[in-house]
Amino acid sequence: MDFGLQETERELCDLAESMLRDFSTPERLLKLEESGLRVDRELWVALKEAGITTIGIDAEHGGTGLGFGEACLVLEQAGRTVAAVPLLTHGIALQTLQRAGALEELRRFIVAEGWLAASARTDRGNGLQEASGRLTGTVSAVPYAPESEAFLLPARAGGGWNLYLVPARQPSVRIEGQLGTDQSPMGQLTLEGAQALKLGDAMLLGWLRQRLIAGSCAIQSGVVEEAIKLTTAYVSEHEAFGVKVGTFQAVSQRMADAYIDSMALQLMSRHVASLLAAQNDAVADVMAAKMLAGDVGHRVLASCQHVHGGVGHDRGYPLWRYAVAAKQNELAVTSSSEAAAALGAVIAAQPALVAL
Amino acid sequence: MPARNLIGLENGGWAVITSQLNRERLALMNPGIANLVYSKVLEHVHETRDGARLVDQPWVQMNMARIYAALKTLNLACRRQAWGIAQGTLTAAEASAIKILGYETFLSVFRQMLEVLGPDATLRRGSPGVPLEGMLDVLYRTVPVYGFAGGTNEVMRDMVAQMGLGLPRVKRA
């Protein structure tokens, strides 16, 4: 087992981080948030030109090559910079098209200007139904749906769920803009007999769901790491009662726990990324990682905001963006408790599932 | 002794003893025994008795899921540290961190396993009907010792804060 990053992986992280960081200054992010659509189109074009948006897509289809592990390393950097780009939904939607063998669509969306949105929800928030190849119904909170090129959406068909590709620009699709707690654009979609291409059945939907979860864990790992960095810097300088806040044991012990949480999350997140790079299904560990990502995001950001005092809630100071990003990721695709229930069901079905 | 009670350098004994302490902390948190007990509890909850399995109860599934996730994380973290030792890169902050992660994990997973085993779980070894030969009764009573054995956890957290995060050093009188 090798826990280190290879030279090429480190270079990729550095490249992605420097691009994402250059664009994602607090001033620029604030401007985008005030514009009503928190998407940095200039950064998106730059990432596309650098091949960052097509990591995990084979070169023969027009992608950058590399795999899911590398795609997740880039997502960690997106978390560290709270960048305003749809790297997760677009990247994993492209990988799903590749997996489904929808190669013509794959090539088209690689070169298209915009991005793909994707949702794997099959709870009560998704009422989409398929009938004679067309989709009808409403689905809520689809990340990055506004102004996207197309959506990957599950819909009920017969007795189960299938996964469909739905072009965004058609008269039978209505998009109402929604705003995530992290201010990212989301959409409530109402479809009335919309054209859709069936990509696969529940198996492919599970494939997509596991990768969206693993990707959100990678983003969370970056969010948590950067929040701790910001907080460490703050309590090392800021003084109360004439001494540095970071010298209070109540503060330093709490931040030490945050460090341990962050270490654990990075390990689990990279573990499931490498599992999914090598195999189709890793549902037990993906759910375990999501439980941790939710718990750690919740705990660490509460600690970081707390030891900052009021500054941690100040919109002129960067930390609050990490707090709302952590909550967005915590609830993305599935929650810690729902993931625990899903893992429990796997354990009930597999008597030999050891935790080694 | 004096020579002003040398600690650093001369023949480098200080570095030897501190790197030994790092290894000791990892060794203390070896998850082998927890993995073994988990596999036995897993067997236990899958057993059909009077037509029912414990693992079909939702709360048992939640406990088993939380135990699995915690042990998976600890196993990975221990392997990561063993790898760090092999590479010669394991830091004191990481070794201190594993001690806390291990302690907190053991404390919670053994409790959750006791819950799953039910009222028989607190029977002492040797009692008729004791599950898993009384292993969990011994383990839950042992874990609190690891809060201070091999370095008190609050001192470990101080080391993580100062060496892992770079928070300002504090003189402890």
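The values are calculated or read from the model by the stated rules, or taken from the named source; none is laboratory data. Quantities reported herein were computed from a predicted structural model and do not represent experimental measurements. Cβ: placed from backbone, ideal geometry, glycine included. Neighbour counts: every protein chain shown. Note: areas computed on protein heavy atoms with side chains; ligands, DNA, RNA excluded. Shrake-Rupley method; radii C 1.70, N 1.55, O 1.52, S 1.80 Å.
Summary of computed values
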read-out	value
Two-site label geometry, B:Arg172 and A:Ser172: point separation in nm, points 7 Å out along Cα→Cβ	7.0
Alpha carbon Rg of segment A:7-112, scaled by the compact-globule rule 2.2 N^0.38 Å	1.07
Where segment A:204-354 is the region considered: accessible area per residue in Å², 1.4 Å probe	35
Two-decimal log10 I(q)/I(0) for chain A, as the Debye equation yields it once each C-alpha is a single scatterer, q = 0.08, 0.09, 0.10 Å⁻¹	-0.38, -0.49, -0.60
Acute angle (nearest 10 degrees) that the helix A:202-237 long axis makes with the longest principal axis of chain A, alpha-carbon atoms	20
FRET efficiency, 1/(1 + (r/R0)^6) with R0 22 Å, evaluated for A:Glu9 and A:Ala59 via beta carbons	0.80
Max mean-square fluctuation residue, GNM over chain A, Cα-Cα springs under 10 Å, options A:Glu192, A:Glu237, A:Glu76	A:Glu237
Distance from segment A:35-76 to segment A:206-258 (C-alpha centre basis), Å	26
Shielding score for A:336-347, defined as the mean number of other chain Cβ atoms within 10 Å	5
Solvent-accessible area, 1.4 Å probe, carbon plus sulfur percent, for segment A:154-197	48
Whether segment A:111-211 is rounded, prolate or oblate, judged on the alpha carbon gyration tensor where a/c under 1.5 counts as rounded	rounded
Set A:Lys290/B:Lys99; A:Lys48/A:Lys198; B:Lys40/B:Lys72; A:Lys244/B:Lys171 screened for pairs whose C-alpha atoms are more than 21 Å apart	A:Lys290/B:Lys99; A:Lys48/A:Lys198
Heavy-atom accessible area, 1.4 Å probe, ligands and nucleic acids excluded: residues of segment B:143-166 down by at least 50 Å² from chain alone	B:Arg157, B:Leu165
C-alpha center-to-center spacing [segment B:49-96, segment A:260-276] in angstrom	12
Fraction of accessible area attributable to carbon and sulfur, chain B (%, probe 1.4 Å)	56
Of A:Val111, A:Val139, A:Val224, the one that fluctuates the most in a GNM where chain A has Cα springs shorter than 10 Å	A:Val111
Label-zone membership for segment A:181-207, site A:Val111, 7 angstrom Cα→C-beta point, backbone N under 11 Å	none
Calculated [θ] (222 nm, deg cm²/dmol) that DSSP helices of n ≥ 4 give over chain A, each run adding -39,500 (n - 2.57)	-18000 deg cm²/dmol
Semi-axis lengths (Å, descending) of the ellipsoid that matches the C-alpha gyration tensor of chain B	40, 16, 14
Average accessible surface area per residue within segment A:117-200, 1.4 Å rolling probe, Å²	42
Heavy-atom accessible surface of segment A:204-354: percent carbon and sulfur, 1.4 Å	58
Unit Cα scatterers, Debye sum, segment A:172-297: log10 I(q)/I(0) for q = 0.10, 0.12, 0.19 Å⁻¹	-0.51, -0.67, -1.07
In order through segment A:104-110: 3J(HN,Hα) via Karplus (6.51 cos²θ - 1.76 cosθ + 1.60), integer Hz, x for Gly, Pro	5, 5, 4, 4, 5, 7, 5
Where A meets B: accessible area buried, both sides, 1.4 Å probe, Å²	3700
Theoretical ellipticity at 222 nm over chain B - DSSP helices of four or more residues, -39500 (n - 2.57) apiece, nearest 500	-20000 deg cm²/dmol
Estimated distance in nm for a label pair at A:Glu49 and B:Arg79, the labels positioned 7 Å out from Cα along Cα-to-Cβ	4.2
Of the DSSP H helices in chain B, those whose Cα atoms cover at least 18 Å axially and whose Kyte score averages 0.0 or more	B:13-28, B:32-46, B:58-87, B:92-117
